[in-house]
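For reference, the structure is listed below as structure tokens.
The values are calculated or read from the model by the stated rules, or taken from the named source; none is laboratory data. The model shown is predicted, which means the values in this text are computed figures rather than measured ones. With ideal geometry, Cβ positions are generated from the backbone for all residues, glycine too; neighbour counts draw on all protein chains shown.
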Amino acid sequence: MRRSTSLAAHAGAALLLAPLCWLVIAAFRSEDDILANPYGLPRHLTFANFRELLSIPAFVHGIGNSLLIATATASVVTVIAAPLGYVVSRYTFFGARLLRSIGSAGYLLAPAVLVFPYTDLLSRLGLMNSRVAIVLAHAAFAMPFAFGIAELGARGIPFELEEAAILDGATPVQRVMRVVLPLLRFQLAGLFTLVFCVSWKEYFYAFTIAQTEEVMTLPVLLGNLHGGDALSWNLVCALSVVLLLPAVPVLLLTRSSRLRELARGRHD
Amino acid sequence: MGRLWVIVVIGAMALVALYVVPLADVVLLSTDQPDLGGARHFVAAANYRAFASANNAGPLVATVVFTLATVAAELLLALLAALLTHRQFPGVQLVRAALVIPYLASTVVIVVLWDFFSDPIAGALPGVLRRLGMHTPDLRGPGFALPAMVCVATYEAFPFAYLVILSRLFQIPASHYELASIFGGGAMATFRHVTWPQIRRALGTLLVLRLLITVMKIDVPWLVYASHAPSHWGDTFAVRVYRLAFESLQPGLAAAASVIFVAGITILYLSWLMMSSKDANV
């Protein structure tokens, strides 16, 4: 039984990954090569598609916008969600339950519902078609699970460690800065990377808020150029691969044994 | 708490700004009729009456079909994959990592893949069907819109369900399985008596969460079909709200539809919460 289940598992994983593997290889092929023999071995591999993308101003804007917006979103969300998650995990205070409920309610307020009050409020504030607006929308999108992850991570730190600091006369702020934060640094890095990825690949808010090329992110660009048949398949695949790039550090992070240890709750 | 209350205040302000203010804006907008100049005229429940009298059967059916089919497919596939990969075998770590990768891909990228693989000339799917001698449907046409959305949404969402079920399977003590094999249980009996009771609750919670998230999904229906559809056939409810707000420029009506949408989902969610806490008490 073991042989057949492991074979089925390998086959299933291969089938699932095959389209993405095809995409990555196609990004390094010319258009003629792809159309002549889509699923066969490539005739030759080249970086020409990426060079051609870099000559398109919209792409250069797009990658700059995506980098800026994703970094800003990850920073804002980590800075707000992490401390809040810690405080809610350690203290009960008036409104703690309400805060937690509002944080989780963000899951129910999906883009489909929030996108158009956001555009309404943003137009009234004069922020439509701006990167700041996209950062705010992405922060709203990522906040619920960042808050949940942060609270979970904080609960994983034994309170005895903070008790020792209290005995030494540390204030709550000192406890956070000197005991909690250093222990949480890998999880915070993981949280930052996850939110970066979520913002990097987000399509719908960016699509609705960005009206001009200067503000568009890469997913919006790919959606516009692909849907309108304005880009040939080799360039579409190359652009898709650029969109897939942040997946690499996330995969490396989750493979790291240090992070797996932390996930199991060991801190040393 | 010392000076940490500053964190609470900042966090509370952020949450209020990001969720409470827009929600309040939608509720207020649902009772207004903005004109083209942007001025809002209070019309009380007129938008709700207009929404109730409009023909919403199409989007409702499309939403229910899309949601149920996607969630069923992703949970079944995730359960199968988790059962196949929670034991140790050579290469299992690689297989587990491979099964998670689609989660890191943008929706647009998966739609690009679907578009190429369903292309009538170059696509792998029509090619395989032709080789098998089967009739090749128009995979890009309206008849295949819902199945296409379900395929893309399942591919995108499957890794998350897989991770949740897999982590729950890891928590089942090995001694349970050893006992089952001592009593001579085969795979099906082991699943029914050992695995299923342990994962039932987690699966139930996962089912409800995925239903909530999928029913409101707009990027997949929009990208796969609605953004270039010749008609509004196949629009889900979320797409209909979007079109009301941004294409027909009826924000009041769109707001009323959003409020009904969120209220309906919240009621269903709270009912499920109440029912599951009753189960826990019994």
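A few comments on the model shown:
The rows are residues; the columns are (1) modelled with pLDDT under 75; (2) within 19 Å of A:Ala74 (Cβ to Cβ); (3) surrounded by fewer than 19 Cβ atoms within 10 Å (Cβ to Cβ).
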{"position": "A:Thr208", "(1), (2), (3)": "no, no, no"}
{"position": "A:Glu213", "(1), (2), (3)": "no, no, yes"}
{"position": "A:Ala238", "(1), (2), (3)": "no, no, no"}
{"position": "A:Leu244", "(1), (2), (3)": "no, yes, no"}
{"position": "A:Leu252", "(1), (2), (3)": "no, yes, yes"}
{"position": "A:Arg264", "(1), (2), (3)": "yes, no, yes"}
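- Test result for B:Thr107, of a type in the set (S, T, N, Q), within 30 Å of A:Val248 (Cβ to Cβ) and more than 10 Å from chain A (Cβ to nearest Cβ): no
- Helices (runs of 4 or more DSSP H) within segment A:136-208 that include 3 or more residues under 30 Å from A:Pro117 (Cα atoms): A:181-201
- Unique residue being without any contact (Cβ under 8 Å) to a residue 60 or more places away in the chain, of a type outside the set (S, T, N, Q), in a helix (DSSP H, G or I) and touching a helix residue (DSSP H, G or I) at 6+ places or on another chain (Cβ under 9 Å) when the list is B:Leu253, B:Leu223, B:Leu244: B:Leu244
- Matching option when the condition is facing chain A (nearest Cβ under 7 Å), surrounded by fewer than 20 Cβ atoms within 10 Å (Cβ to Cβ) and aliphatic (A, V, I, L, M), among B:Ala17, B:Ala39, B:Ala24, B:Ala12: B:Ala12
- Failed item in (1) farther than 26 Å from A:Cys197 by Cα; (2) within 8 Å of chain A (Cβ to nearest Cβ); (3) small (Gly, Ala, Ser), with B:Ala54 passing the rest: (2)
- Segment A:90-102: number of residues that are under 16 Å from A:Ala154 (Cα atoms) and either facing chain B (nearest Cβ under 7 Å) or of a type outside the set (A, V, I, L, M) (or both): 4
- Qualifying residue in segment A:3-20 (condition: buried (at least 21 other Cβ atoms within 10 Å of the Cβ), under 25 Å from B:Tyr155 (Cβ atoms) and in contact (Cβ under 8 Å) with a residue 12 or more places away in the chain): yes
- Selection status of A:Val173, under 23 Å from B:Ala12 (Cβ atoms), over 26 Å from the mean Cα position of the chain (by Cα) and not basic (Lys, Arg): yes
- The residues listed here are B:Leu77, B:Leu99; of these, the one that is in contact with a helix residue (DSSP H, G or I) (Cβ under 6 Å, 6 or more places away or on another chain) and facing chain A (nearest Cβ under 8 Å) is B:Leu99.
- All of A:Val76, A:Val87 fail the test of being free of Cβ contacts under 8 Å to residues at least 24 places away in the same chain, at the interface with another protein chain (Cβ under 10 Å from one of its Cβ atoms) and not in a loop (DSSP other than H, G, I, E, B), apart from A:Val87.
- Condition met for B:Phe261 (more than 17 Å from A:Tyr107 (Cβ to Cβ) and surrounded by 14 or more Cβ atoms within 10 Å (Cβ to Cβ)): no
- Residues in segment A:170-202 that are farther than 23 Å from B:Trp5 by Cβ and among the charged types (D, E, K, R): A:Arg185, A:Lys201, A:Glu202.
- Those helices (runs of 4 or more DSSP H) lying entirely in segment A:1-71 with at least 1 residues among the aliphatic types (A, V, I, L, M) and within 12 Å of chain B (Cβ to nearest Cβ): A:2-26, A:31-36
- Any hit, segment B:147-160, residues being within 15 Å of the chain's Cα centre (by Cα) and surrounded by fewer than 16 Cβ atoms within 10 Å (Cβ to Cβ): yes
- Subset of segment A:122-135 [buried (at least 23 other Cβ atoms within 10 Å of the Cβ) and either of a type outside the set (Val, Ile, Thr) or within 12 Å of B:Pro22 (Cβ to Cβ) (or both)]: A:Ala133
- Residue under evaluation B:Gly204, criteria (1) surrounded by fewer than 21 Cβ atoms within 10 Å (Cβ to Cβ); (2) facing another protein chain (nearest Cβ under 10 Å); (3) small (Gly, Ala, Ser); (4) closer than 29 Å to B:Trp272 by Cα, criterion not met: (2)
- A single member of A:Ser6, A:Ser30, A:Ser55 is over 20 Å from the mean Cα position of the chain (by Cα) and more than 22 Å from A:Leu244 (Cα to Cα), and it is A:Ser6.
- Restricting the first member to segment B:198-216 and to residues that are under 25 Å from B:Ser258 (Cα atoms), and the second to residues that are among the polar types (S, T, N, Q) and not in a helix (DSSP H, G or I), the beta-carbon pairs closer than 9 Å and six or more apart or on different chains are B:Val215/B:Thr236.
- Single residue of B:Pro102, B:Pro159, B:Pro142, B:Pro137 found to be modelled with pLDDT under 85, within 23 Å of B:Thr214 (Cβ to Cβ) and in contact with a Phe, Trp or Tyr (Cβ under 9 Å, 6 or more places away or on another chain): B:Pro142
- The set of residues in segment B:237-251 being of a type in the set (Gly, Ala, Ser) and either at pLDDT below 85 or buried (at least 23 other Cβ atoms within 10 Å of the Cβ) (or both) consists of B:Ala238, B:Ala245.
This table checks each residue for (1) more than 19 Å from B:Met149 (Cα to Cα); (2) surrounded by fewer than 18 Cβ atoms within 10 Å (Cβ to Cβ).
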| position | (1), (2) |
| --- | --- |
| B:Gly186 | yes, yes |
| B:Arg210 | no, no |
| B:Thr214 | no, no |
| B:Lys217 | no, no |
| B:Tyr225 | no, no |
| B:His228 | no, yes |
| B:Asp235 | no, no |
